[in-house]
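The values are calculated or read from the model by the stated rules, or taken from the named source; none is laboratory data. If you're wondering where the values come from, they're calculated on a predicted model, not measured in any experiment. We work out accessible area using only protein heavy atoms, side chains counted, and drop any ligands, DNA or RNA first. Shrake-Rupley method; radii C 1.70, N 1.55, O 1.52, S 1.80 Å.
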Amino acid sequence: MVNLNKIELKKKGQSINLTKSNNNNIGEILVNLQWNQQINSKSTGFFTTLLGGKSKGVDLDLGCLYELNNGEKGCIQALGNAFGTLKQSPYIELDGDDRTGSISGGENLRIDGNKISDIKRILVYSFIYKGVANWAEADGVITLSYPAGPNIEVKLDEHRNGQIMCAVAMIENVNNETFKIERLVEYYKGHKEMDNAYSWGMNWVAGSK
């Protein structure tokens with residue numbers, strides 16, 4: 001059965017443009033990250049159990065790189081406490097930091113879609129802050145929702161275990177009229193390598209949260 005309230009971008013490079021409401025606005029765009037803290041009993045082993053230890057789940061983080069039409073560039077993520085702001089530039093804000101994947105709301109990026117003339121592009125990404133870089137067990141999914149159209153879903157299902165960064169989707173300005181959402185799901189060693197792949201040109205230093 002076809003779900004008319006959801007569109008899944010399944011193939012790399014597949015894209016869709018957002019539609020405007022009756023008042024010609026896009027409205028607030030919500031980018032939500034959900035993942036499962038699946039524990040693989042085979043990986044814990046007898047000695048882990050014997051010593052009273054337990055397998056720790058994966059801590060996925062949601063973030064983005066942004067570039068504004070005035071040339072301003074930046075990064076929004078919990079690591080480094082760079083949560084952004086919705087009411088003023090860059091018009092993007094991270095709600096909070098889910099350390100376990102158990103919060104029902106997951107992690108959320110909010111984007112003021114009515115500021116389209118100010119925003120050039122946004123690279124939405126997820127990275128494994130703690131835990132083994134096992135994307136298959138994390139079973140992550142990002143859902144983009146907005147007032148005038150169906151939800152857009154991108155599953156992190158093209159797994160490359162061992163790489164901590166996943167560039168999930170590109171949100172790109174189309175003639176200051178709408179945003180194009182493109183599926184990426186490309187994996188990288190870290191922030192710097194992802195930055196280089198998409199020519200953002202930022203300087204990266206180690207951070208903590």
Query raised in the report: Under the Karplus relation 6.51 cos²θ - 1.76 cosθ + 1.60, θ = phi - 60°, what is the ordered set of whole-Hz ³J(HN,Hα) values for region 176-182, x standing for Gly and Pro?
Result: 6, 10, 7, 10, 9, 9, 10
Report task. Mind grabbing the accessible area of Lys155 for me, 1.4 Å probe, Å², rounded to tens? Result -> 80 Å²
Report summary line: The long-range amide H neighbours of Tyr91, using H built 1.01 Å from N in the peptide plane and a cut-off of under 5 Å, are Thr85
Query raised in the report: In what sequence, largest accessible area first, do His159, His191 appear using a 1.4 Å probe?
Result: His159, His191
Query - Nearby aspartates and glutamates by direct alpha-carbon distance to Lys130 (threshold 17 angstrom, same-chain neighbours under 8 apart not counted) - result: Asp59, Asp61, Asp97, Asp98, Glu107, Asp139
Requested in this report: Using a 1.4 Å probe and ignoring any ligands, DNA or RNA, find the accessible area of Ser145 and quote it in Å² to the nearest 10.
Outcome: 30 Å²
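With a 1.4 Å probe and every protein chain left in place, work out the accessible area per residue of region 145-191 in Å², rounded to a whole number. Kindly include the intermediate steps, with their values, before the conclusion.
Working: 1960 Å² over 47 residues.
I get 42 Å² per residue for this part.
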